[in-house]
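Each reported figure results from applying straightforward, stated rules to the coordinates on display, with no laboratory input. Just so it is clear, the structure is predicted and the values come from calculations on it, not from any experiment. Here the Cβ is made from the backbone with ideal geometry for all residues, glycine too, and neighbour counts use every protein chain on show.
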Amino acid sequence: MSKKHSAVFDDVLSGLGEDAGPPEGRGGARFLARQARVGERMSGALEEKTLRWIDPAQARMWARHNRAYDLLTEDNCRDLIDGIRAQGRQEFPAIVRETGDADAPYEVICGARRHFAVSWLRANNFPQFRYLVEVRDLSDEEAFRLSDIENRDRADLSDLERARDYAQALGLYYDGRQKDMAARLEVSDAWLSRFLQLAKLPDEIVAAFPSLHDVRELHARTLGPHLRKPASADALIAEAEAIRAERAREGRGPDAAGVMARLKAVVADPKAAPKGKVYRRAREESGVTHRRKGRAHVLEFSDGMGRAALEAAFRLYLEDRFGK
């Protein structure tokens, strides 16, 4: 061994068995910090994450994403758009996984609103913004649970979107075993059951509401018993179709509370209110209902009915009462 190598070797060994203090100075601090990170990684206390800044066009929504991306707009994402613009960057990464597709190498598990906000900014004079993502290796069931945990308390995710997501996941990942699914999601079986009931709400009933966001889990609980009876189910669907037709024709209609009031009215206990005769020009319209109340005549109609529909209904009522 050369004298030079021997001196180096002796210098390294010279500290063994002695209570040597930590390296001094800035280099020593970096050494200790690096040593601490290595120790944490080896013990499992530190988890490395893969973060990347990408063009949002490189990411597509996961097919099972629980948010309806086409319902995102500049208005309902305005808070996020303004926040990213003010900060100069996206602060919290979206969670994605790799697809193996060269055209869209990532799919978004959590972060649809962030994707929309960055995409909107890039398309509106801010091309410098990029989409911050955390790449993870996830199974479909893990992706579903992760997405649910992130969005469960979000007010901008509708009850109906969540309910339909749960209904699909029940068959896809849990073989229809509701108790197993509830255990994996760490929710009660009763809580999950209410959302699964909402997912069964007929499309005709859903279409009567102004928006998907207006359909609540409570609505399904209220209407559920009546929808299980063929006669009352038919009456509910007919009224819902009439409400939808009025909204499409007149450009406006009842709010969610008004929709529920009309639906509950058609399945009300017949002893609670006298039956009446309905006058309308077409089956899909709610029309004008005539009832006798003692010696008085009561005519009732929806606030959303247009002039033409009302005139036609009143004409039919007058013809029925006084003749043509």
Exercise for the section: In nm, give the distance between the simple-model label positions of Lys324 and Phe126, each being 7 Å from the Cα along the Cα-to-Cβ direction. Expected result: 6.6
Fill in the blank from the handout: Highest mean packing first, using Cβ neighbours within 10 angstrom, the peptides 58-65, 301-308 sort as 58-65, 301-308
Practice task
Report, in cubic angstrom per residue, the convex hull volume of the C-alpha atoms of segment 158-200.
Solution key: 58
Handout entry: Cα-Cα over 22 Å, subset of Lys277/Lys324; Lys200/Lys229; Lys293/Lys324; Lys200/Lys264; Lys229/Lys293
Key = Lys293/Lys324; Lys229/Lys293
Problem - Cβ-based exposure ranking for Cys77, Cys110, in which fewest neighbours within 10 Å come first - result: Cys77, Cys110
Practice task
Excluding Arg194 itself, calculate the net charge of residues whose Cβ lies under 13 Å from the Cβ of Arg194, where each Lys or Arg counts +1 and each Asp or Glu counts -1.
Solution key: +1
Practice task
Please order Phe195, Phe209 by the number of other Cβ within 10 Å, starting at the fewest.
Solution key: Phe195, Phe209
Problem - Label-point separation in nm, Leu212 to Ala265, each point 7 Å along Cα→Cβ - result: 2.9
Problem - Neighbour net charge for Ser139 - beta-carbon separation under 11 angstrom, K R +1, D E -1 - result: -1
Completion exercise
Counting only residues 5 or more apart in sequence or on a different chain, those whose built amide H sits under 5 Å from that of Tyr106 are Arg60, Thr99
Practice task
With only alpha-carbon atoms counted, please give the Rg and Dmax of segment 174-314, in Å.
Solution key: 18.1, 62
